[in-house]
Structures are given as structure tokens and as C-alpha cells.
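One structure below.
The values are calculated or read from the model by the stated rules, or taken from the named source; none is laboratory data. These numbers come from a predicted model, not from an experiment. Don't worry about glycine lacking a Cβ; one is built from the backbone with ideal geometry, like all the others, and counts go over all protein chains shown. Just so you know, the surface numbers come from the protein's heavy atoms only, side chains and all, with ligands and any DNA or RNA stripped out. Shrake-Rupley method; radii C 1.70, N 1.55, O 1.52, S 1.80 Å.
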Amino acid sequence: MVAQAVRWEDFHRWLPPAAQGTGRLAVAGRVEGAPEAWQAEGTRAASALTAHDIPIQNLQAAFGLTQHGAEVSGLRAQIRGIPVRGAGTWSWNGSGRATAEAGPVQLADLPDMPTGLGLRGTGQARLQAHVGSGTAEVSATASLARVAIGGVPLGAGSGQLAVR
């Protein structure tokens, strides 16, 4: 199966509001098996999408589906100009795992930064999430290098966050 001009909007009825957006996707894949044991796999790509007024460019990902759940691997995109990579799995029973990495990004290029701040340096971030039976865990790390604000050098820094 190859669909060169699938609109993201056409999938809204099957997607939660947080996963809805606009734009055209190229999808290629195959489905095999019987109704009780089937699998599908494929790839999707898009040059330009929008999700909740956030621009997404150069999206590429591989996916797999079975009667038990979904998997996304090799996800790559530019979100608001920031390089993002990720992967995840989701079981139809409501459990799942995901990882995402963002950056490196020039801090001065971050969206919505005040122009007079004089922010310089680079940053990277990593997010891991797990949703299970009645639980959710999220952890994130960020690292900054060569940071300066208004011409004042601050050096390197890092931070960690964990929520359960």
C-alpha cells in the first residue's frame, strides 16, 4: 500500500486531540495475517505539518501495528526548527513507553526567546516516559554548553526532572 497524499486531518476520528494536526503525509506499508493475528508495518514522511500551531518539518518515521499495539521507531523531524528524534510503543491496553531527544540547538534560536536577552550557547534534552496500569513516569535531562546571557559568560549547566 502506498498513499502519496494522505491528509493528517483524515485520521482525526481515530486520534486523541493531542495527536491531531494538519498537513499531507506520504505513507507506505503492508498488512498481513488473519483477523486474530495480523501485523502491519510501514513508513511515513511529510515535508511540512502543523500540530496545535506548531510547525513540523521533514518528518520521517517507521511504524508497526499489531492486534496488541503500535510501535514507532526512527522518528526524526524538525519541530519549531529544533531537531528531534524519538521512538515509542503503545499497547492497546493503555500502557506504553517513549523516548525523545531534542537538539543540539542554538539557544538564541529557541522560539519565543526575548530578542534583547542576548542568549548564546547550545542545549540538548532527553525525555523518557512510561505509562502503565494506573501509573505514569516521566524523566527528563537537559544539558547546556557555552551559555552566555547579555554578554556575560555562564559556562555549562545541566538539569534533571523526574515525575511519577
message: Explain nothing, just the number: relative contact order of the chain, from Cα pairs under 8 Å at least 6 residues apart, as a whole percent.
response: 11
Residue among 148, 122, 16 farthest towards the positive dipole end of the chain, charges placed on Cβ: 148
- request: Run the dipole for the chain about the Cα centre, Lys and Arg Cβ at +1, Asp and Glu Cβ at -1, nothing else charged, and hand back the magnitude in debye, nearest 20.
  value: 340
message: How large is log10 of I(q)/I(0) for region 111-164 at q = 0.29 Å⁻¹ when the intensity is taken from the Debye formula with one equal scatterer per alpha-carbon?
response: -1.07
message: What number comes out for accessible area per residue over the chain if the probe is 1.4 Å? Units Å², please.
response: 65
- prompt: What is the sum of charges around residue 96, taking Lys and Arg as +1, Asp and Glu as -1, for the other residues whose C-beta is under 12 Å from the C-beta of residue 96?
  reply: -1
message: Using only the Cα atoms of region 34-100, what are the Rg and Dmax in Å?
response: 13.6, 42
Virtual spin-label span in nm between residue 43 and residue 24, 7 Å along Cα→Cβ: 1.9
- prompt: Distance in nm between label sites at residue 146 and residue 112, each 7 Å beyond Cα in the beta-carbon direction?
  reply: 2.7
task: May I ask you to derive the relative contact order of region 88-133, considering only C-alpha pairs under 8 Å and at least 6 residues apart, and to give it as an integer percent?
output: 48
- request: Just need the relative contact order of region 1-94 here, percent rounded to a whole number, with Cα pairs under 8 Å and 6+ apart.
  value: 18
- line: Expressed as a percent, the accessible surface of region 1-85 that is carbon or sulfur, using a 1.4 Å probe and the full set of protein chains, is 58
field: Principal axis dimensions, largest first and in whole angstrom, of the chain by Cα
entry: 64, 37, 23
